[in-house]
2 protein chains.
Amino acid sequence: MSAPLLEQLIEALRVLPGVGQKTAQRMAYQLLERERQGGKHLAEVLAVALDSIGHCRHCRDFTETEVCAICASASRDQHLLCAVESPVDRLAIEQATGYRGLYFILQGRLSPLDGIGPRELGLDALSERLAQGEITELIIATNPTVEGEATAHYLAQLARQQSVHPSRLAHGVPLGGELEYVDRGTLSHAFGTRSEMPK
Amino acid sequence: MSAPLLEQLIEALRVLPGVGQKTAQRMAYQLLERERQGGKHLAEVLAVALDSIGHCRHCRDFTETEVCAICASASRDQHLLCAVESPVDRLAIEQATGYRGLYFILQGRLSPLDGIGPRELGLDALSERLAQGEITELIIATNPTVEGEATAHYLAQLARQQSVHPSRLAHGVPLGGELEYVDRGTLSHAFGTRSEMPK
Ligand SMILES: [Zn+2]
Ligand SMILES: [Zn+2]
């Protein structure tokens, strides 16, 4: 006999980040007591999303279409490309700033010890894209961590090789912090006062 | 055109208790980036659980069978019944104590202003059960709040009407707690109900 469904549900909920045994219990009981409709909706959307969402062919962001809405939009500035480590960073910039260019999502940062090199971050494709000549500025918005800075320097070199201006978000983003958790005002200011990468 | 699936997923995750916009985003991205298998499993278990889990005919706890495992167990003491407000309380007692009797889950507490009376808590069924004569003690483990105490008094009367002994969990200074940090009400109660030191 398998475990009772309630225990299976509590165990399954622990796949969510930051959710331990106690929180999973609370979630399971709340869904059963008060949120059966919302819970069923979540189950449906989750199944469909995990089946259908892949990566955008151009920017590597998550999307259920071949090309994401931002890349497909004619109203975005086709000369600006902003490189971020992850989709949450893209989202944070999109929500906090007035940026209307395009993005490139690295889905990580250079980390040789973890086997994450230029290939894993899709930098071949990025290099080819910069070579096409439409992009004039590469805004490098990797996190201000050691690995994020190393990645930024690598990206700046890549840009210069293709005669594209690399720029970096201005100081204001706290050192060692993650873009995702920076308040909107700081992020917006840092984005607006970005400077050209020093050689 | 409906919202992108990713946004639908983030919105759907907010049905979980304590999950706001930021947390829901983090959960969605983590599932897509690293936990697709676990996420699919969660979607399946959640759908089945919400479809199949109802209330135990005897104790009103959540279960996918007509009678829950505890009520169906021949090894539990059939003379002891412990009344709790919610399934999490039942779980806490089960995990913390050596109690081997049965439970009755009120799924709430008396709250006339919210329209929650004896009927809503299943007290007709509880009264009938106490009348059958097998239960000798009703352990009342409602929370020590105003409404929980009112419910406890009501339950105690119900028990006495059927010649069942009502008992209540001891209140006092928590083990390992410092007097200095115990709230005044608890401390006053503990002082007033002090007992002689065992030799
Ligand atoms: Zn895209
Ligand atoms: Zn039961």
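The values are calculated or read from the model by the stated rules, or taken from the named source; none is laboratory data. Quantities reported herein were computed from a predicted structural model and do not represent experimental measurements. Quick reminder, even Gly has a Cβ in these numbers, built from the backbone with ideal geometry, and neighbours come from all protein chains shown. With ligands, DNA and RNA removed, areas are computed over all heavy atoms of the protein, side chains included. Shrake-Rupley method; radii C 1.70, N 1.55, O 1.52, S 1.80 Å.
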Only unsatisfied item for B:L42, checking (1) open to solvent by 10 Å² or more (accessible area, probe 1.4 Å); (2) out of contact with any strand residue (DSSP E or B) (no Cβ under 8 Å at 6 or more places or on another chain), is (1)
Of the conditions (1) open to solvent by 60 Å² or more (accessible area, probe 1.4 Å); (2) more than 24 Å from B:L169 (Cα to Cα); (3) over 15 Å from the mean Cα position of the chain (by Cα), the single one that B:S75 does not satisfy is (2)
Would you mind telling me which numbered condition in (1) within 14 Å of ligand 1 (Cβ to nearest atom); (2) at negative phi A:V88 fails?
-> (1)
Kindly indicate which of A:R119, A:R109 is outside the structural domain of A:E180 (by TED's automatic domain parsing), touching a helix residue (DSSP H, G or I) at 6+ places or on another chain (Cβ under 9 Å) and more than 18 Å from B:L6 (Cα to Cα).
-> A:R109
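Listed here are the residues, each with its yes/no results for (1) surrounded by fewer than 16 Cβ atoms within 10 Å (Cβ to Cβ); (2) outside the structural domain of A:G117 (by TED's automatic domain parsing).
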site: A:Q162; (1), (2): no, no
site: A:L179; (1), (2): no, yes
site: A:V182; (1), (2): no, yes
site: A:G185; (1), (2): yes, yes
site: A:G192; (1), (2): yes, yes
site: A:E196; (1), (2): yes, yes
site: A:K199; (1), (2): yes, yes
Tell me which of these A:T136 doesn't satisfy, since it passes every other one: (1) within 14 Å of another protein chain (Cβ to nearest Cβ); (2) at negative phi; (3) not charged (D, E, K, R).
-> (1)
Could you tell me whether the range A:111-124 includes any residue that is of a type in the set (V, I, T) and either exposed (fewer than 13 other Cβ atoms within 10 Å of the Cβ) or within 16 Å of ligand 1 (Cβ to nearest atom) (or both)?
-> no
Of the residues that sit in the range B:10-25 and are surrounded by fewer than 19 Cβ atoms within 10 Å (Cβ to Cβ) and without any contact (Cβ under 8 Å) to a residue 12 or more places away in the chain, which one is farthest from the other protein chains (Cβ to nearest Cβ)?
-> B:G20
Conditions (1) within 16 Å of ligand 2 (Cβ to nearest atom); (2) in the same structural domain as A:R129 (by TED's automatic domain parsing); number of the one not met by A:L32 | (2)
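Within the range B:62-76, identify whether any single residue is within 15 Å of ligand 2 (Cβ to nearest atom) and touching a Phe, Trp or Tyr at 6+ places or on another chain (Cβ under 6 Å), and answer yes or no.
no
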Those residues of the range B:130-147 which are buried (at least 18 other Cβ atoms within 10 Å of the Cβ) and either modelled with pLDDT of 95 or more or farther than 15 Å from B:F104 by Cα (or both) amount to B:L130, B:I135, B:E147
Here are some conditions: (1) open to solvent by 80 Å² or more (accessible area, probe 1.4 Å); (2) at pLDDT 80 or above. A:L175 meets all but one. Which one does it not meet?
-> (2)
In the range B:154-199, anything of a type in the set (G, A, S) and outside any strand (DSSP E or B) is listed as B:A156, B:A159, B:S163, B:A170, B:G172, B:G176, B:G177, B:G185, B:S188, B:A190, B:G192, B:S195
In the range A:45-64, what count of residues is obtained for those that are open to solvent by 20 Å² or more (accessible area, probe 1.4 Å) and facing another protein chain (nearest Cβ under 7 Å)?
-> 4
